[in-house]
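So the structure is just underneath, and the comments pick up after that.
The values are calculated or read from the model by the stated rules, or taken from the named source; none is laboratory data. Please read these numbers as outputs of a predicted model, since none were measured by experiment. Don't worry about glycine lacking a Cβ; one is built from the backbone with ideal geometry, like all the others, and counts go over all protein chains shown.
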Amino acid sequence: MVYDYCVVGGGIVGLATAMELLELRPGASLLLLEKEASLATHQTGHNSGVIHSGIYYTPGSLKAEFCRSGSKATKAFCDKYGIPYETCGKLLVATNASELNRMSGLVERARLNQIGVERLDAAELRGREPNIDGIGGLLIPETGIVDYRRVCETMASVIREAGDTIEMNAKVTAISERQSSVIVAVGKQEWQASRLVVCAGLQSDRMARMAGIQTSHQIIPFRGEYFRLPPAKSGIVQHLIYPIPDPKLPFLGVHLTRMMDGSVIVGPNAVLGFAREGYPQFSFNLRDVSEYAVFPGFWKTMGRNLKHGLKEIRNSIFKAGYLQECRKYCQSIEIADLTPYEAGIRAQAVLKDGTLVDDFLFLETARMLHVCNAPSPAATSAIPIGKMIAARIIGKARML
Ligand SMILES: Cc1cc2nc3c(=O)[nH]c(=O)nc-3n(C[C@H](O)[C@H](O)[C@H](O)COP(=O)(O)OP(=O)(O)OC[C@H]3O[C@@H](n4cnc5c(N)ncnc54)[C@H](O)[C@@H]3O)c2cc1C
């Protein structure tokens, strides 16, 4: 049998893409291959669970566009299938004059990105969040939270109910593009499909190379480490609390996030990982480290971000440093409040010149599309990303 479509990766981008392919071409045959025993095992199941509004992104960029439409699409999907979510709003907190200045820039950016914001002075901030200290704040009411694992399970049900197949424990080991189809192998077992979409997150560069595509980037793992506050402190905040981001850094800074189970987590930081899929602290994988150690882009990016990188490593090893990051805006958190919580690992594409790829990166051939960088907020944006990929794949098929 030749499938119309094969999708590799049971994270939210792969599942949304499969769902949108079937939406655009009902009745098409589709096979999704996931190497783990459960869906959303990697980035999607280890994230902060935030439905972002998209305030940070350059107006007119793909990231801004996908995030704005993705936030609406995610909430509509949850409404349709009865998945609980909460629109609890997010507060960006300025703690000094330079952050207050940068906050003004974000107000303008919100206007350009058509996102509703409310500026708060110190007293209004205290009124809304008595446990948060700041000299000003920016409230984004539409930001929400959801359990993305539940979103993925529901997407998988939609795919299965359409009569299509999701194979778990199916680690793709070879890909070969022919003139009329693509052969995908899992060990000795082979499948054939007219088109292939690969959404392999932390393994995406290896999968592209496995398929014979020349790449000029490499995935470098950046751990996002969290702590959970004890149940007695679950009511410490009503909104999601974020620092004003530093424009020189690609990550958003340690924040306080309310989760759907009622707990509050602190994090994530962004510290160099020594294993792409090793979640416990100090995980080490020789292949992962030796691959980036010989990649020139790794040393260039480390050189450029040395001071910040060392600070992140120090704060990862010593809780007191991590605590300092949260205490900038929440004095009532104590060291004993930082209880263990599993880390997430970001698949960060880095170019040979050391540039951290900030936007989506797609590599295409006649019959394949590889998603090579799907950075945050790709969980929020997955549905429009899936729509775009599906339209591209189907449009291309018509041209062949
Ligand atoms: C710490 C952290 C916090 C984040 N917070 C947020 C947030 O709050 N909101 C938000 O919108 N975004 C957030 N993000 C970003 C978001 O989670 C990711 O961008 C998104 O989940 C990427 O989805 P994906 O499907 O591309 O990757 P993944 O979820 O990593 O899925 C890739 C899948 O491919 C599979 N795979 C890999 N190789 C193979 C193979 N050879 N054969 C078969 N299968 C394979 C993997 O097992 C995996 O299941 C966060 C990310 C991290 C790491």
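Yes/no per residue for (1) touching a strand residue (DSSP E or B) at 6+ places or on another chain (Cβ under 9 Å); (2) on the phi > 0 side of the Ramachandran plot; (3) within 12 Å of the ligand (Cβ to nearest atom):
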site: A18; (1), (2), (3): yes, no, yes
site: L22; (1), (2), (3): yes, no, no
site: K35; (1), (2), (3): yes, no, yes
site: T44; (1), (2), (3): no, no, yes
site: S53; (1), (2), (3): yes, no, yes
site: P59; (1), (2), (3): no, no, no
Test Y81 against the stated conditions and say whether it is touching a residue at least 12 places away in the same chain (Cβ under 8 Å), away from the ligand (no atom under 14 Å from the Cβ) and either farther than 28 Å from M207 by Cα or hydrophobic (A, V, I, L, M, F, W, C) (or both).
yes
What is the number of the single condition among (1) within 13 Å of the ligand (Cβ to nearest atom); (2) under 18 Å from M368 (Cα atoms); (3) not polar (S, T, N, Q) that M168 does not meet?
(2)
Yes or no: the range 81-92 includes at least one residue that is farther than 29 Å from G235 by Cβ and in contact with a Leu (Cβ under 7 Å, 6 or more places away or on another chain).
no
Out of (1) within 13 Å of the ligand (Cβ to nearest atom); (2) buried (at least 19 other Cβ atoms within 10 Å of the Cβ); (3) of a type outside the set (S, T, N, Q), the one Y5 does not meet is (1)
Restricting attention to the range 281-290, which residues are part of a loop (DSSP other than H, G, I, E, B) and in contact (Cβ under 8 Å) with a residue 40 or more places away in the chain?
Q281
Elements of type helices (runs of 4 or more DSSP H) in the range 291-400, at least 2 residues being in contact with a helix residue (DSSP H, G or I) (Cβ under 8 Å, 6 or more places away or on another chain) and within 16 Å of the ligand (Cβ to nearest atom)
306-317, 319-327, 378-399
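Conditions (1) more than 28 Å from R327 (Cβ to Cβ); (2) crowded, with 18+ Cβ neighbours inside 10 Å, marked per residue:
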residue: D205; (1), (2): yes, yes
residue: V237; (1), (2): no, yes
residue: Y242; (1), (2): no, yes
residue: D246; (1), (2): no, no
residue: V254; (1), (2): no, yes
residue: V264; (1), (2): no, yes
residue: V289; (1), (2): yes, no
residue: A293; (1), (2): yes, no
Which numbered condition R119 fails, given (1) under 27 Å from the mean Cα position of the chain (by Cα); (2) over 30 Å from Y3 (Cβ atoms)
(1)
Could you check, for the range 377-386, whether at least one of its residues is in contact with a Gly (Cβ under 7 Å, 6 or more places away or on another chain), hydrophobic (A, V, I, L, M, F, W, C) and surrounded by fewer than 20 Cβ atoms within 10 Å (Cβ to Cβ)?
no
What is the one condition in (1) near the ligand (Cβ under 8 Å from one of its atoms); (2) under 20 Å from L240 (Cβ atoms) that E99 does not satisfy?
(1)
Taking the criterion of being of a type outside the set (A, V, I, L, M, F, W, C) and out of contact with any Gly (no Cβ under 7 Å at 6 or more places or on another chain), would at least one residue in the range 265-272 satisfy it?
no
Can you tell me which residue within the range 346-380, out of those that are in contact with a His (Cβ under 8 Å, 6 or more places away or on another chain) and among the hydroxyl-bearing types (S, T, Y), is modelled with the lowest pLDDT?
S376
Matching residues in the range 186-211 - criterion: being touching a strand residue (DSSP E or B) at 6+ places or on another chain (Cβ under 7 Å) and within 30 Å of W299 (Cα to Cα):
V198, C199, A200, G201, L202, S204, D205, M207, A208, M210, A211
Could you check how many residues of the range 215-260 are closer than 30 Å to S204 by Cβ, of a type in the set (D, E, K, R) and more than 17 Å from the chain's Cα centre (by Cα)?
3
Which residues, counting only those in the range 56-70, are crowded, with 16+ Cβ neighbours inside 10 Å and either of a type in the set (K, R) or in a loop (DSSP other than H, G, I, E, B) (or both)?
Y56, Y57, K63, R68
Cβ-Cβ below 8 Å, separation at least six or inter-chain, first residue in the range 87-113 and closer than 17 Å to G54 by Cβ, second of a type in the set (K, R) and surrounded by 21 or more Cβ atoms within 10 Å (Cβ to Cβ): which pairs?
C88/R258; N113/R68
Selection from the range 174-205 of residues that are of a type in the set (V, I, T) and either within 12 Å of the ligand (Cβ to nearest atom) or over 21 Å from T17 (Cβ atoms) (or both):
I175, V184, V186, V197, V198
Given (1) part of a loop (DSSP other than H, G, I, E, B); (2) among the aliphatic types (A, V, I, L, M); (3) within 14 Å of the ligand (Cβ to nearest atom), identify the lone condition not met by A73.
(1)
From L361, L323, residue being in contact (Cβ under 8 Å) with a residue 40 or more places away in the chain and buried (at least 18 other Cβ atoms within 10 Å of the Cβ):
L361
